[in-house]
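> Have a look at this one.
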Amino acid sequence: MNEFVDRVGPVRLWVAVVIAAATALVVGIVAFPQRVYVDFVWQYYWGPVVADAHSWSCVAWNGGAAVECGPETTGPTASPGYTVVSYAGYVPTLLLLLVGILFLIRRYDVDRYRAGFFALFPFMLFGGALRVVEDANATAFARTGELAIPMPYSGFLISPLIYFTVFFVALAAAAIAVIADRKGYVEGYEYPLAGIGTTLLVGTIAYLSYVAATEPYSTFHPLIPLVVLVGASAVTAITWWAIETYAPETNYGTRYMGIVVIWAHAVDGVANVVGLDWATALGLPANLVPKHPINAAIVDYTGRLLPADVVAVTGQAWPFLLVKIAAAVLIVRVFDARFFEESPRLAYLLMVTVVAVGLGPGTRDMLRATFGV
């Protein structure tokens, strides 16, 4: 196998795999539209996106009309969220993208990986904010019966497709930044890269603020981001102090990137605690409901295991914060100095992915509560 890869070349092999997979899917859809597109692609991948966009708990194919499930609709049907089948498609696709990025980094000899990591930070916040644009869109549909951003465009702002949307936006920004650096327009690609990400983030939040100021279905609750950001920063400071005091070897590899990792997952944890248990105390008419299976399971088990009078004081979502911090510290520990020395490209790329997985959903939950959508 190794001899075959060496003879063909890893890049050519990657391109061949991508083309073969895409061709097989297209040919399958054309040759067997019902079996491949309707019963597979639509039911497990596009149908859940359509349901999420309309805030429906179930969507029916209904002869191609795609309407909310009812007694007279015809299947197949789909619900928002992930399934084993969708995971089986998304995970290999993500791995292919990561391998492709590694080839691009090597091909164009992009260096200063640590600077690039911090330059991509605004894009991680941007991804969460962009997802809230779709939350506002779904809220508009629930209140008015019309989507402010119509399908299929709004579908690319819904998980997991939004990850690919943000990925390609960040990739285009990185290409612009690297070209500007190579032509001598800037002293380092990280500066325009961070600038583009910050501009996109500010523009997205400005749009959400405009919606809150002009539309009745969105309101502004400034205490939410204040509590979440201060709380996450305090949790990060305490965690980092404990690491530096009792286990300083934990962050020998990541160094200050470890703070970003822990803060990203602290934002996710605190945003869940605030949104699920204390949103009404901060001005929202109702607490939010968990959007992901892990959050929902933790809230459910906490409510079952703890006495009602204890839950009334502590809430049900706080164990999720502990899980997030423990996971973040474990990740920081696993990314040791040897990993960065032996596989720097892969190590930094995985670090970006780890932060995005925490900060994207955390930013979304925080801003979803902030703008009441």
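The values are calculated or read from the model by the stated rules, or taken from the named source; none is laboratory data. Just so you know, these numbers come straight off a predicted model, no measurement behind them. Virtual Cβ from ideal backbone geometry, glycine too; neighbours counted across all protein chains shown. When the accessible area is computed, the model is the full protein with side chains, heavy atoms only, and any ligands, DNA or RNA have been set aside. Shrake-Rupley method; radii C 1.70, N 1.55, O 1.52, S 1.80 Å.
> Out of everything in the stretch 51-60 that is at pLDDT 90 or above and crowded, with 23+ Cβ neighbours inside 10 Å, what residue ends up being farthest from the chain's Cα centre (by Cα)?
VAL59
> Need at least 3 residues that are open to solvent by 40 Å² or more (accessible area, probe 1.4 Å) per element, so show me which helices (runs of 4 or more DSSP H) inside the stretch 226-339 make the cut, counting only ones lying wholly within it.
Because the criterion is at least 3 residues that are open to solvent by 40 Å² or more (accessible area, probe 1.4 Å), the helices (runs of 4 or more DSSP H) in the stretch 226-339 that meet it are 293-305, 308-314, 318-334.
> I've got another one for you. Out of GLY100, GLY145, GLY128, I need the residue that is within 19 Å of the chain's Cα centre (by Cα) and not basic (Lys, Arg). Which one?
Step by step, each of GLY100, GLY145, GLY128 is checked, and only GLY128 is within 19 Å of the chain's Cα centre (by Cα) and not basic (Lys, Arg).
> Right, ARG35: modelled with pLDDT under 85 and open to solvent by 60 Å² or more (accessible area, probe 1.4 Å) or not?
No; evaluated as a whole, the condition is false for this residue.
> Any chance you could count how many residues in the stretch 90-123 are open to solvent by less than 60 Å² (accessible area, probe 1.4 Å) and at positive phi?
Final tally of qualifying residues: 0.
> Does any residue of the stretch 124-131 turn out to be without any contact (Cβ under 8 Å) to a residue 40 or more places away in the chain, open to solvent by 10 Å² or more (accessible area, probe 1.4 Å) and either farther than 22 Å from TRP42 by Cα or in contact with a Leu (Cβ under 7 Å, 6 or more places away or on another chain) (or both)?
No; the residues of the stretch 124-131 include none that is without any contact (Cβ under 8 Å) to a residue 40 or more places away in the chain, open to solvent by 10 Å² or more (accessible area, probe 1.4 Å) and either farther than 22 Å from TRP42 by Cα or in contact with a Leu (Cβ under 7 Å, 6 or more places away or on another chain) (or both).
> Is it true that some residue in the stretch 11-23 is among the hydrophobic types (A, V, I, L, M, F, W, C), open to solvent by less than 70 Å² (accessible area, probe 1.4 Å) and either closer than 23 Å to ALA142 by Cα or assigned to a loop (DSSP other than H, G, I, E, B) (or both)?
No, there is no match, as no residue in the stretch 11-23 is among the hydrophobic types (A, V, I, L, M, F, W, C), open to solvent by less than 70 Å² (accessible area, probe 1.4 Å) and either closer than 23 Å to ALA142 by Cα or assigned to a loop (DSSP other than H, G, I, E, B) (or both).
> If the requirement is being of a type in the set (Gly, Ala, Ser), over 30 Å from LEU171 (Cβ atoms) and without any contact (Cβ under 8 Å) to a residue 12 or more places away in the chain, which of these qualifies: ALA206, ALA213?
Numbers: ALA206 fails: over 30 Å from LEU171 (Cβ atoms).
Among ALA206, ALA213, only ALA213 is of a type in the set (Gly, Ala, Ser), over 30 Å from LEU171 (Cβ atoms) and without any contact (Cβ under 8 Å) to a residue 12 or more places away in the chain.
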